[in-house]
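Everything below concerns the one structure shown next.
The values are calculated or read from the model by the stated rules, or taken from the named source; none is laboratory data. It should be emphasised that the depicted structure is a prediction, and the values quoted were computed from it without experimental measurement. No Cβ is skipped: glycine too gets one built from the backbone with ideal geometry, and neighbour counts run over all protein chains shown. Surface areas here come from the heavy atoms of the whole protein model, side chains and all, with no ligands, DNA or RNA. Shrake-Rupley method; radii C 1.70, N 1.55, O 1.52, S 1.80 Å.
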Amino acid sequence: MEKKIRQLRQELKAHNHKYYIENAPEISDAQFDRLLAELAELEAAHPQFDDPNSPTHRVGSDLSNAFETVKHRLPMLSLANTYSIGEVGEFVRRVEGEVGEVEYVCELKFDGTAISLRYSRGELVRAVTRGDGVQGDDVTENVKTIHAVPLRLAGEGFPAKGGWPAEFEIRGEIIMPFAAFERLNTERMDAGEMPFANPRNAAAGSLKLQDSRVVARRGLDNFMYGLAGENLPFATHWESLEAARGWGFQVSNLMRRCYSLEEIEAYVAEIDELRRGLPYATDGMVIKVNSLSVQKRLGATAKSPRWAVAYKFAAESALTRLLSVEFSVGRTGAVTPVANLEPVVLAGTVVKRASMHNADQIALLDVRVGDAVWVEKGGEIIPKITGVELSERPAESKPIEFPTVCPACGAELVRYEGEARHFCPNQNHCPPQITGRIAHFVSRKAMDIEGLGEETIGLLYAQGLLDDVADLYSLQIDDIAPLPRLGEKSAENIVEGVRASVEVPFARVLYALGIRFVGETTAKYLAAHFRGLDALAAAGEEELAQVEEVGAKIAVSIREYFENTENQGIIERLKEAGVQFEAAERVLVSDVLAGKNIVISGSFEGHSRDELKEMIELNGGKNQSAVAANTDYLLAGKKIGPAKLAKARKLGVPIIGEEEFITIVTKKDKIPTQGTLF
Ligand code: IVH
């Protein structure tokens, strides 16, 4: 029994690490809770094996080394989870058994990452992650980039009616809406990076980034769900949230006061339907006792308050059989295990394949071919295997062996430091990497050469006609026409498409080269900065890292790309073919500011004035030196000249701040007609 307990502890610790540190959970919360409950039961039955460091004594931690650690004034507890209305009923009966009939508030359980904000005299002074519940990471600079978080509160301080306390903490959830999540993952996949598994991991990962300018572009959002503090000037939780809304916090409208289990049940059912149309992820509801004094009477256990409970919506999962595992090699050389499943209907679609991420995950799940496996689809794009039904394991099953050599070219696989994935290092001679790079090169956002699907590329490669992207420019109609399913007309179209691609602007050519981590936007900034390939190829890492969007990792990748002699040869041949390696007159990142005259005044926190000026031009706008009747915006920083401000006000010119400006140029949203700063 001791062995079983130790094994469960180890398993849970590994899952905690995956969840809190790597932001890449491999089992669902429900499965985690089941394992934890199993361990708690065994520990209770065998107290002689107790261990103060058992996962049952901890709630996990998201602490990382890079941020200052701050102790929470009041611990950040977690919620007891329930998975059925029956269990919610048990909670209601327990509460009412202790304190009599009470009022409840039912709220959404946002699926993001918890944050505690401290305000002093109406100003945001600190934002701290939950960490281990006792202390968390100071991520203030990153949180300041989130628009839904007020930096200065609206209205007056207490004792004004409904005013904010001079010092208080408010807690809530940082989330990444689906739209931002999808945009981020598309960018990551374009750049050959692993997509985030779900919006929760993406939100948590973004909050821990070192560069708050990158965080600002991630489209994070926030909902607040509770004031923390002793002696708050409110009688109920509801009242406190309504007041917080008035101070400028984003508080959900989807909350309801309920007076019985029946009302709670009805609201839960209503939300379970409605939540499918929400633009952000929710994984359940939270039911809280409304009265703050009753909350105090009910108190808390070491881990969770006794006045609240979470009801988790059922994750959409299905049981099916694992038929086989394929190891596919992508254009970056990453080897991904892909499960072939017996087709099963999940969340309305037939699922035949599921991601298994990497070797660690296969080992953790101990999944074998022939196993009955649970497949889940949460906020994720690709379904994943979350567990194995061991009771149904066929007797002869054997563990899945992760290949040691590339399944496509036989090269020995490598695993880079800090990477969970295996890579085939044989970049220039591994067939799927070559054809993957060619497919990327011809794709719509790159060189936009039509008629060259993966299959045709594969055929041309197999015929020895296409070994790298430069070979495209020597293809002849007679080479292509005889291939199966092609013919004269298709061949003509392909050759014409290749010929026309020499007009594709430099920024897209740069993206098309498929340099690791260089996505579409990064390529545009690089093109705007260096204006030509020779200057880019000659740049050192330091100069590269000065470019918007380029960090140290990308800089290394660019340098390595240009140092590779085979890449140099390909570029020479592309140049000979007439591909654009110089930027045209003006490189635009977007035209979101087209026709807009903008005046910059004051000093800014995240960017220098020159950087802002460059951004205006790159997005199609014009820098103006003085406010005039035709000025469209005044971009105002700190210590803005009072004369400029007065003139803008007089002329009714909208005044926008740095954050708002960055949102406009990064989200490429419609331009507001009203400034929101003053
Ligand atoms: S109240 C004392 N309300 O769920 C517990 N939590 O384990 C206070 N969460 O990480 C939490 N939506 O960040 C509360 N409406 C809501 C919530 C919520 C999401 C998260 C919270 C925490 C986890 C609870």
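The phi-based Karplus calculation (6.51 cos²θ - 1.76 cosθ + 1.60; θ = phi - 60°) puts the 3J(HN,Hα) values of the range 185-195 at 5, 4, 4, 5, 5, 4, 8, x, 9, 5, x Hz, whole numbers, x for Gly and Pro.
In the range 392-471, which chymotrypsin sites (Phe, Trp or Tyr not before Pro) fall in coil by DSSP and have 16 or fewer other Cβ atoms within 10 Å? Qualifying residues, ordered by number: Y416. With q set to 0.13, 0.21, 0.28 Å⁻¹, the log10 of I(q)/I(0) for the range 93-162, from the Debye formula over equal scatterers at the Cα positions, is -0.63, -0.96, -1.19.
Straight-line reach from K553: taking Cα to Cα under 17 Å and skipping same-chain neighbours fewer than 8 places apart, the aspartates and glutamates in range are E187, D190, E193, D211, E417, E419, E520, E541, E542, E543, E563. Overall form of the range 425-583: prolate. Here a/c, set by the Cα gyration tensor axes a ≥ b ≥ c, is 1.5 or more, and a/b is the larger of a/b and b/c.
The string of couplings for the range 492-507 from the Karplus curve (6.51, -1.76, 1.60, θ = phi - 60°) is 4, 4, 5, 4, 5, x, 5, 4, 5, 5, 5, 8, 4, x, 3, 4 Hz, one whole number per residue in order, with x for Gly and Pro. Scoring 136-143, 37-44 by mean Cβ neighbours within 10 Å over their residues and listing the highest first yields 136-143, 37-44.
For GluC sites (Glu not before Pro), the sites in the range 418-474 that DSSP calls loop and that have at most 12 other Cβ atoms within 10 Å are E419.
Cross-link partners of K3 among aspartates and glutamates, defined as those whose alpha carbon lies under 16 angstrom from its own and excluding same-chain residues fewer than eight positions apart: E11, E38, E41, E43, D50, D51.
Ranked by the mean number of other Cβ atoms within 10 Å per residue, highest first, peptides 104-116, 327-339 order as 104-116, 327-339. Magnitude of the charge dipole for the chain, about its Cα centre and with charges confined to Cβ atoms of Lys, Arg (+1) and Asp, Glu (-1), is about 2100 debye. Run the reach check for K18 against lysines, Cα to Cα strictly under 16 Å, same-chain hits fewer than 8 apart removed. What comes back? Correct list for K18: K208, K384. Close amide H pairs (under 5 Å, H built 1.01 Å from N) link V139 with A127, V128, T129, residues at least 5 positions away or on another chain.
Among the listed pairs K352/K575; K524/K596; K13/K71, those whose Cα-Cα separation exceeds 32 Å are K352/K575.
Projecting the Cα positions of V414, W247, N623 onto the charge dipole of the chain (unit charges on Cβ atoms of Lys, Arg, Asp and Glu, taken about the Cα centre) puts W247 furthest along the positive direction.
Sites listed here are trypsin sites (Lys or Arg not before Pro) in the range 150-221 whose DSSP assignment is loop and whose Cβ has at most 14 other Cβ atoms within 10 Å: K161.
The apolar share of the surface of the chain, taken as the fraction of accessible area on carbon and sulfur atoms (1.4 Å probe, ligands and nucleic acids excluded), comes to 50 percent. Under a model in which nothing but the beta-carbon of Lys, Arg (+1) and Asp, Glu (-1) is charged, the range 324-470 shows a dipole of about 200 debye around its Cα centre. Is the C-alpha gyration tensor of the range 318-409 telling us rounded, prolate or oblate? Criteria: a/c under 1.5 is rounded; beyond that, a/b larger than b/c is prolate, otherwise oblate. It comes out oblate by the Cα gyration axes. Rg ratio for the chain: its Cα radius of gyration over 2.2 N^0.38 Å, N being its residue count, equals 1.08. Computed from point charges on the beta carbon alone (+1 for Lys and Arg, -1 for Asp and Glu), the dipole magnitude for the range 215-362 about its Cα centre is near 380 Debye. For the chain, C106, C258 stand unpaired, since no other cysteine beta carbon lies under 4.7 Å from theirs.
Amide H contacts of V388: W374, each under 5 Å away and 5 or more positions distant or on a separate chain (H built 1.01 Å from N in the peptide plane; Pro and chain starts excluded).
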